[in-house]
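Any read-out appearing in this document is the output of simple, stated calculations on the displayed coordinates, not a laboratory observation. This one's a predicted model, so the numbers in the text were calculated from it and none came from an experiment. Neighbour counts run over all protein chains shown; Cβ positions are idealised from the backbone, glycine included.
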Amino acid sequence: MKQKIIIISIFTVLLAFMVFLIYQINKKASGTEESLKKNLEILGKSYKEEVSKHKSAAYTRDSLYFINTYLSRYRALIDATHTRDSVKLNLKYNVGDIVRMKRDSARAVIIDIVVGGSKYEYYVRYKLQFKDKTIEEVLPELVF
C-alpha cells in the first residue's frame, strides 16, 4: 500500500509539473502570437506608407517628365546662353564700355556682344554704335 501511495504521489507531482510546463509554453506562445500580430500591424502600416510614397513619386516623376518634355524645346537656347555667358567672362570689354577702333581711333559704345557658332567652335563680335548712330559688328581684336 505504501508503494502505491508513493507511485501515485510521484505520478501526481509529475502530472503537476507537466501541467505547469504546458501552461508556461502556452503563455509564451500566446505572448509571441500577440507580438507577431503587433509586428504584422506595423508592417501593414509601413507597407501602406510605402505604397503612398510610391504613388506620389510616380506622380512627381510623370509631372517632371511632362515639364522636361515641354522645356526641351529650349535646350538650344540654354546651351547658347551658357556659351555666351562663359565667353563673356574672358572678354576685356563689356556692354556699355566706350572703346576706340584700331583702324581710325573712332570712339564707339559697345551695345551688344554677339556670340555664334556651335558647341565646339564659336566666334565673338562686338556690336558697336558710333556717335552718328551707325552700328557695326567688329572682332574684339579690332578695338582698344
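Key figures
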| read-out | value |
| --- | --- |
| Sorted largest first, extent of the stretch 91-142 alpha carbons per principal axis (Å) | 36, 18, 17 |
| For Asp97, distant residues with modelled amide H under 5 Å away | Ile110 |
| Simple label model, 7 Å out from Cα along Cβ direction - Tyr23 to Asp85, nm | 8.0 nm |
| Residues Tyr93, Tyr120, Tyr59, sorted so that the one with the fewest Cβ neighbours within 10 Å comes first | Tyr120, Tyr59, Tyr93 |
| Gain on full stretching of the segment that runs from Asn68 to Ser30 - 0.36 nm per residue minus C-alpha separation | 8.1 nm |
| Label of the coordinate-derived value, percent of Cα pairs over 22 Å apart, listed as (i) 45; (ii) 72; (iii) 40 | (ii) |
| Separation of alpha-carbon centers, the stretch 1-32 and the stretch 49-128, rounded to whole Å | 88 Å |
| Net length gained if the chain between Lys55 and Ala16 were fully extended (0.36 nm per residue, minus Cα distance) | 8.2 nm |
| Lysine pairs within the stretch 1-74, Cα separation less than 19 Å, 8 or more sequence positions apart or different chains | 9 |
| Helix 2-71 vs. the chain, principal-axis angle (Cα, 0 to 90°, nearest 10) | 20 degrees |
